[in-house]
Structure formats: C-alpha cells, structure tokens
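Below is one structure, written out as structure tokens; the observations come after it.
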Amino acid sequence: MKLHTLLSLCLLSTLHAADPAWLGTGEFQWQSSPPLVGPATDATDPDVALKDPSMVFHEGKWHLFATHRRASGKVDMQYLSFTDWKDADKAARHTLDFHDQYHCAPQVFFYTPHQKWYLIYQLVDERRGPKMAPYFSTTSTIADPKSWTKPQPMIETLPEGGDKIRWIDFWVICDTTKAHLFYTSDDGHFWRRETSRSNFPLGWSKPELQLEDTKDELFEASHTYKLKGRNQYLTLIEAMAPGQRYYKAWLADKLEGPWQPLAATRDHPFASSANVTQKVPWTTSISHGELIRSSNDETLEVDPAHLRFVFQGVDAEGYQAKKYGSIPWRIGILDLQVKR
C-alpha cells in the first residue's frame, strides 16, 4: 500500500462529518482564474514582475501587498486596494519605499494585542547587521500606504551557521501563547523560531529544524495556517520540478510539529500544473502563493471547506528567462473544487 494512502487512512479517523475530502485523502483539484494583476508599465523604469502576494479583506476592500521587480533590478513592494479581484489590475499602485535597498516578500496581518497591522518582509541592508533578515513595519491605518513605520529588524544576528546560510520568505503565525516564525533556507531545510506573544516581534529563540529534503523538493515560500474549526495546522512549501514550480502540503496538531505529509510529492501535490484546470492556459507554475484567510488576525485561520490560493504564475516560455529577475510573474487565484 502506498505511503500517502496509509497516511490518508490515519487522517480519516480524525475527520469531522462536515470536513472536505482533501483532509483525509490529500487529493486536490483546482480551477485557475486568468491572470488578474501583473506588472505595471512605467516609461522610466518598467516593472518586470508582480509577485509574492499577501492580502486581507478589510472594510469592504482587498488590501494587496506584493513584490514588484523593475527592469533596473530594483526590488521593493507595492500596495493595491480594490473591491473586486476583477478590477485588481486597474487599481492604483503605491510603491512602499521603506528602504533604498532590496526588500520584498511581504506578509500582512492584524496583531490583536497591539491593535496594529504588521507587515513582515525580508530586507537587505549592507550598512548594518545581517545582509538579509526579517524586518517589520506597523500601521493603524492599512489603507494609507504612507502610514507604515520605518523598517525594524526582528532578529539582529545572522542565522545559525554563519553568513553562508540563507534564510528567506519569513512567515509569522500565533497560537494562544506564542508567536512562531517560519522560513526556509533554499537548501531543503524548513525552520521555526518562537517568542512569547508579549515579546513579539522580538525575543526569538534559536531555530529548530522542522523538515528536511533536497533543495528541489523543499525550496521556499513556506506559509502556515490554522484550520478553522479544527485543532490542526497546514503548512505549504514551494518546490521545483523541471521547468516549473509547484506546492506541497503538510499537517500538524501544533505549530511545533511534527509535520506529517498530506500532499508532499511531485505525483501527489497540493497545487501544480497537474491538478490545476485553466480555461485559458496562462501558467505552468504555481509559485509563491498565499491562501485567502477567514480572519485577518495573527492566528491566520483558513476555512478548509473554501480554500482559495492567490499565487504568482508564468508560462513555460517566461519561466525560461535567462535570469530569475527577468521572469514576468503575474498574479491569479486558484479555487478548490471541493468534494465531500
């Protein structure tokens, strides 16, 4: 009997009657939208890609934060707001000029104890501290892109292992007592640190290894969520296959792990070109995406019966660009085709 079948049988014993089938089988089928928002054109320094989406729905509008990469090589973040995803590409673009050096890969959420919105992202500052590190900014007014505070580092030291060890795509989620910081290192390792909710966003522990595989099988863009109505967590991590990117999934009963594979192989993925239907084909990669949450707070809850995955995509030709920075990523949405 195959490993994922055995795991599925174990998971079935803990399911609720109303749970969607994927919680027991690890089988996902998605319907993709067309590309909904992409790089803006600017005569002086045109955008090449819009990528790494993170968003919340607040006061009747979507608030989307994303990385935009320009032809000059400059990388920073943009903010867009709109009432309907069909109008996203028409929304005004606001560049978040937090810093004059590389900063990107945002995560946005409302931290209830502080009554503030937090933006978590990676930033390179050659003038101080680590060359790349997790930073944060806050605001009380998410709709005002000029209201964010200046970048502050969450961790002042290099990751364990020295300056040759990478850490990338930082992600925060809280349980009732602690905040957890997840990230990968682009080498097949998935890490976790923790701090108390009262000390957040500072005071992080040393990293603990959560998962380990090859670089291709466990790459980057990890995102972790609480499953609404269940004492269970879902982690998604991007992987690489020849000529494309795709996503895998794991489950755990607590954020400290252990993480059990749910849809964690190339033949049994969370989301890839193999299990995504497109009415008008536009992407062969399912890359750096985020699930739409059912709440905006630090618990990052998602409804397992209504999964929607906002992701960056590109066709096979675009993915073959000579440099990663030249890939013309655009943003679309996957809707889960639910079976019970």
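The values are calculated or read from the model by the stated rules, or taken from the named source; none is laboratory data. Every value quoted in this text rests on a predicted model; they were computed, and no experiment measured them. Don't worry about glycine lacking a Cβ; one is built from the backbone with ideal geometry, like all the others, and counts go over all protein chains shown.
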Go through the residues of region 52-64 one by one and say whether even a single one is at pLDDT below 95 and surrounded by 21 or more Cβ atoms within 10 Å (Cβ to Cβ). no
Counting residues that are within 19 Å of I173 (Cβ to Cβ), which strands (runs of 3 or more DSSP E) fully inside region 213-280 reach at least 1? 220-227, 233-241, 244-252, 260-263
Index of the failed condition, L119 passing every other in (1) within 24 Å of F311 (Cβ to Cβ); (2) surrounded by fewer than 19 Cβ atoms within 10 Å (Cβ to Cβ); (3) in contact with a Pro (Cβ under 9 Å, 6 or more places away or on another chain): (2)
Does A92 meet the test of being under 30 Å from T176 (Cα atoms) and either outside any helix (DSSP H, G or I) or among the basic types (K, R) (or both)? no
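Does S147 satisfy the criteria of being of a type outside the set (F, W, Y), free of Cβ contacts under 8 Å to residues at least 40 places away in the same chain and within 24 Å of S81 (Cβ to Cβ)?
Working: of a type outside the set (F, W, Y): yes; free of Cβ contacts under 8 Å to residues at least 40 places away in the same chain: yes; within 24 Å of S81 (Cβ to Cβ): yes.
Yes.
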When you look at W204, is it in contact (Cβ under 8 Å) with a residue 12 or more places away in the chain, assigned to a loop (DSSP other than H, G, I, E, B) and aromatic (F, W, Y), yes or no? yes
Run A18 past the list (1) loosely packed, with under 14 Cβ neighbours inside 10 Å; (2) among the small types (G, A, S); (3) modelled with pLDDT of 95 or more and report the number of the one that doesn't hold. (3)
Hits in region 115-169 (condition: under 18 Å from H58 (Cα atoms) and assigned to a loop (DSSP other than H, G, I, E, B)): Q115, S140, T141, I142, A143, D144, P145, K146, S147, W148
S196 being under 30 Å from G313 (Cα atoms) and of a type in the set (S, T, Y): no
Whether any residue in region 307-314 is in contact (Cβ under 8 Å) with a residue 24 or more places away in the chain and surrounded by fewer than 21 Cβ atoms within 10 Å (Cβ to Cβ) is what I want to check. yes
Only one of K61, K74 is basic (K, R), in contact with a Ser or Thr (Cβ under 6 Å, 6 or more places away or on another chain) and over 30 Å from R266 (Cβ atoms). Can you tell me which? K61
Anything in region 122-142 that is loosely packed, with under 15 Cβ neighbours inside 10 Å and either out of contact with any strand residue (DSSP E or B) (no Cβ under 7 Å at 6 or more places or on another chain) or within 15 Å of A66 (Cα to Cα) (or both)? List them, or say none. E126, R127, R128, K131, T141
Residues of region 188-201 satisfying the condition of being surrounded by 15 or more Cβ atoms within 10 Å (Cβ to Cβ) and outside any strand (DSSP E or B): G188, R197, F200, P201
When both residues are 6+ apart or on different chains and their Cβ atoms are under 7 Å apart, which pairs have a first residue that lies in region 98-120 and is under 14 Å from S147 (Cβ atoms), and a second that is polar (S, T, N, Q) and part of a strand (DSSP E or B)? F98/S137; V108/S54; K116/T138; K116/T139; W117/T138; W117/T139; Y118/T138; L119/S137
For region 65-80, what are the residues that are among the hydroxyl-bearing types (S, T, Y) and either surrounded by 20 or more Cβ atoms within 10 Å (Cβ to Cβ) or under 17 Å from S137 (Cβ atoms) (or both)? T67, Y79
Looking at region 86-115, which of its residues are surrounded by fewer than 16 Cβ atoms within 10 Å (Cβ to Cβ) and either within 19 Å of V172 (Cα to Cα) or of a type in the set (A, V, I, L, M, F, W, C) (or both)? A92, T112, P113, H114, Q115
Matching residues in region 252-306 (farther than 17 Å from I237 by Cβ, surrounded by 15 or more Cβ atoms within 10 Å (Cβ to Cβ) and among the basic types (K, R)) number 1
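Condition test on G188, is it on the phi > 0 side of the Ramachandran plot and out of contact with any Lys or Arg (no Cβ under 8 Å at 6 or more places or on another chain)? Outline the logic, then answer.
Details: on the phi > 0 side of the Ramachandran plot: yes; out of contact with any Lys or Arg (no Cβ under 8 Å at 6 or more places or on another chain): no.
No: the conditions fail for G188.
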Restricting the search to region 254-302, which residues are at pLDDT 95 or above and among the aliphatic types (A, V, I, L, M)? L255, L262, A263, A264, A271, A274, V276, I286, L291, I292, L300, V302
